Amino acid sequence: MCRDGEAEIRAAGVGERWRVGGLNVPESVLYDAPREVIPGVWSAIGATAPGTYANSGHNNNLSFVVTDDGVLVVNAGDNYLLAKALHDEIKKITDQPVKYVVLENGQGHAMLGSNYWQAQGATVIAHEDAAKEIEEQSFALLQATQERIKEKAEGTQVVMPDETFEDRMVIELGGAEPGTGHDQVAADGGVTLAGVLELTLIDGFEPDYLDSFSIITCGGRTGIFGACAAAGRLLRGAVNTNRAEYRSTGPM
């Protein structure tokens, strides 16, 4: 039996079954199971507290978008086993492979699970500033994680992103619905906007007058895109503290 806040481990190596008292997903290191927030977009909401042994470092949102071409995950997770637990939940929802994992920043709970995803064949992507953070502080963050969650850090290794970007984000628009019709970045923390936002129309999609597209949702924002390339349509942007939305106003 497990008392509240304690864990019983049935171990046979990396990927064993875990039961953590007081958490919300039996037999998993996830703090909570993924929930569908809009069609095709899911998020496993973490604890609103520092990372601890009890919450297994799941104190941020681990999100993913399911498409016909594969799955895009936002945030790799705090450790190998947490990343695997999220993947186990994804596989209950779809047979599509995870193709991309986007890191919202270089913090440990966003990136330390990257080596799990790379081992599954996914491409890990990060802004160059996040990659610099990972290069400078990842080993110290890994050590802190190992001390905090002990044996739950098994299998976790520092790796660098496979791809980085500097100043351009390309969003494909194939419909008005976030996640299924067009790309959307959903960050639980703060984001910094800069450079060019490129909006590309796909699959013959033509926005109607005043169609709106919620491109980014976030916990806070600094900066703004310097320009918007809108693929033959004039899109007027409205950027506030926690959202970037663009509305079609007609042909360019």
Taking segment 99-130 and keeping residues crowded, with 20+ Cβ neighbours inside 10 Å, in contact with a strand residue (DSSP E or B) (Cβ under 7 Å, 6 or more places away or on another chain) and not in a loop (DSSP other than H, G, I, E, B) leaves V101, V102, L103, A110, M111, S114, W117, V124, A126, H127, A130
Candidate set: segment 101-148, residues that are modelled with pLDDT of 95 or more and hydroxyl-bearing (S, T, Y); chosen: the one nearest to R221 (Cα to Cα): S114
Residue check: is V159 part of a strand (DSSP E or B) and in the same structural domain as L72 (by TED's automatic domain parsing)? no
Which is modelled with pLDDT under 95, over 14 Å from W117 (Cα atoms) and not in a loop (DSSP other than H, G, I, E, B), of E27, E8? E8
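The values are calculated or read from the model by the stated rules, or taken from the named source; none is laboratory data. Because the structure is predicted, anything quoted here is derived from the model rather than measured. As a convention, Cβ positions derive from the backbone with ideal geometry for all residues, glycine included, and neighbour counts pool all protein chains shown.
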